[in-house]
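Structure first, commentary second.
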Amino acid sequence: MFSRLERKIAFRYLAAKKRGFGSVVSWVSLIGIMLGVATLIVVMSVMGGFHDTLLSRIVGMNGHVVVYHQDGAIADYDFLIDKMKQNKVVMANATGIVPIAEGQVMATANGNNTGAMIRGIKMSDLKAKTATGTKIYGKALDDIADGELVAGASLTRALRVGMGDKISLVSANGATPTPFGSMPRIMAYPVMSSFFMGMYEYDSGYIFMPLETAQKYLNIGNAVTHIDLFLKNPEETEEVRDALSNLLPTGFVVRDWRDLNRGFVGALQVESNVMFLILMLIIIVAAFNIVSSLVMLVKDKSKDIAVLRTFGVSRHSMMKIFILSGTSIGVIGSLFGTVLGVLVAVYIEPIRQFVQWATGRDLFPAELYYLSELPSKLVPSTVVGIAVLAIALAFLATIYPAWKAANTDPVEVLRNE
């Protein structure tokens, strides 16, 4: 593609102290591309980590498809689940069907109180949900009996309770009628286990209990509030939604995780796109620096260009010389930027902890970002795509200066010397 002469001249110009690689403008271009590529890789990795982590935890705990009844509790849920299992489309896509009894309560203990969500679930289903990424403290989930609780680790700390201590749950659901009006339902249960998911919303606000215990507490008899379906591929919910909509009687409502988290998922996608566009400006500015650097190089080397042309170097070769010279800056910057970006993305959490320790500031508050650790997910195709995009911009930046060099009139230049 490039002849030996073209490569030799291009790299000689690139190494020139005055206008080439040794110049301030060329260094600014290279550093700009390097930082732009590194920053893009880190940001896209963190955004990807946010998306996957929150999706796996939020959606993983709530189900990929959820079935409600518009009038409230689902009384005949066993029959309904059997009916779902007989559907070929549902069973071809679903990995689990879980009945849930859920309600909002106020949890109190030791003079402390906090809002919480109680969720009644079979302990075998809870164990399957928390099999990965969740730490369980205290009693094993298989041994949790009727009337015992599994509470979030942050919630137990807020209420200052240990394993075996009781938490009082206060709820308006299933309130007891009295001559003086309805009294809130108050029951006390011992906390026998706690869990840490690394997601603040769950760790500080959720209490799990056996399904039978929740049904008694919520006073809904042998019923559940909704049914969760877990799919093999969470991204493909439409087929199952359509099948359930046709299968279930009138009054049932079918929602998937996108419907239930539409605002959050949409905001995350918009933020990712906006961050990508903003950070791309760093690389674009660096590309413009390559243009200015090469234009100055062409002007400075106009006599050399004229001499080369008189010795028979074609216009096409002159273009290739300056394209190679400028694109090399993009290639070197992209290479170093990719290495730097990958290293930072891999070690982003230790870096955050060090910066947090050095500054004494909480850079990633769990109550604000829902996660206890800064997530990161490196996607090879994204990393390669960012590097290739940076090199392509550097290449485009060389076209005008290269064209200008190729169209230099050697007679006119030498006449003025």
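The values are calculated or read from the model by the stated rules, or taken from the named source; none is laboratory data. What you are looking at is a predicted structure, and each value in this text was computed from that prediction instead of being measured. Note that we place each Cβ from the backbone using ideal geometry, even for glycine, and neighbour counts take in every protein chain shown.
Scan the range 74-92 for residues that are surrounded by 12 or more Cβ atoms within 10 Å (Cβ to Cβ), under 29 Å from residue 207 (Cα atoms) and among the hydrophobic types (A, V, I, L, M, F, W, C) and jot them down.
Within the range 74-92, 74, 75, 80, 81, 84 qualify.
Across the range 354-371, which residue is modelled with the highest pLDDT among those that are surrounded by 15 or more Cβ atoms within 10 Å (Cβ to Cβ) and not aromatic (Phe, Trp, Tyr)?
371
If you go through the range 75-88 one residue at a time, do you hit one that is in contact with a strand residue (DSSP E or B) (Cβ under 6 Å, 6 or more places away or on another chain), in the same structural domain as residue 198 (by TED's automatic domain parsing) and outside any helix (DSSP H, G or I)?
Checked the range 75-88: no residue is in contact with a strand residue (DSSP E or B) (Cβ under 6 Å, 6 or more places away or on another chain), in the same structural domain as residue 198 (by TED's automatic domain parsing) and outside any helix (DSSP H, G or I).
Check whether at least one residue in the range 178-191 is over 15 Å from residue 110 (Cα atoms), at pLDDT below 90 and of a type in the set (Ser, Thr, Tyr), and report yes or no.
Yes, there is a match, as at least one residue in the range 178-191 is over 15 Å from residue 110 (Cα atoms), at pLDDT below 90 and of a type in the set (Ser, Thr, Tyr).
Would you point out which residue out of 53, 95 is in contact with a strand residue (DSSP E or B) (Cβ under 9 Å, 6 or more places away or on another chain) and crowded, with 19+ Cβ neighbours inside 10 Å?
53
Which fully enclosed helices (runs of 4 or more DSSP H) of the range 150-261 have 1 or more residues being crowded, with 16+ Cβ neighbours inside 10 Å and in contact with a Phe, Trp or Tyr (Cβ under 6 Å, 6 or more places away or on another chain)?
So the answer is 153-159, 200-205.
Being among the charged types (D, E, K, R) and touching an Asp or Glu at 6+ places or on another chain (Cβ under 8 Å) is the filter; apply it to the range 98-140 and report the residue that is modelled with the highest pLDDT.
If we take residues in the range 98-140 being among the charged types (D, E, K, R) and touching an Asp or Glu at 6+ places or on another chain (Cβ under 8 Å), then 119 is modelled with the highest pLDDT.
Yes or no: the range 200-208 includes at least one residue that is small (Gly, Ala, Ser), touching a helix residue (DSSP H, G or I) at 6+ places or on another chain (Cβ under 7 Å) and in the same structural domain as residue 146 (by TED's automatic domain parsing).
Scanning the range 200-208, I find at least one residue that is small (Gly, Ala, Ser), touching a helix residue (DSSP H, G or I) at 6+ places or on another chain (Cβ under 7 Å) and in the same structural domain as residue 146 (by TED's automatic domain parsing), so the answer is yes.
May I ask you to verify whether residue 91 is of a type in the set (A, V, I, L, M, F, W, C) and free of Cβ contacts under 8 Å to residues at least 60 places away in the same chain?
Taking the combined requirement at face value, the residue satisfies it.
Evaluate the following for residue 313: is it part of a loop (DSSP other than H, G, I, E, B), farther than 27 Å from residue 52 by Cβ and modelled with pLDDT under 80?
Yes: the conditions hold for residue 313.
Just checking, which of 100, 74 is of a type in the set (A, V, I, L, M, F, W, C) and over 31 Å from the mean Cα position of the chain (by Cα)?
74
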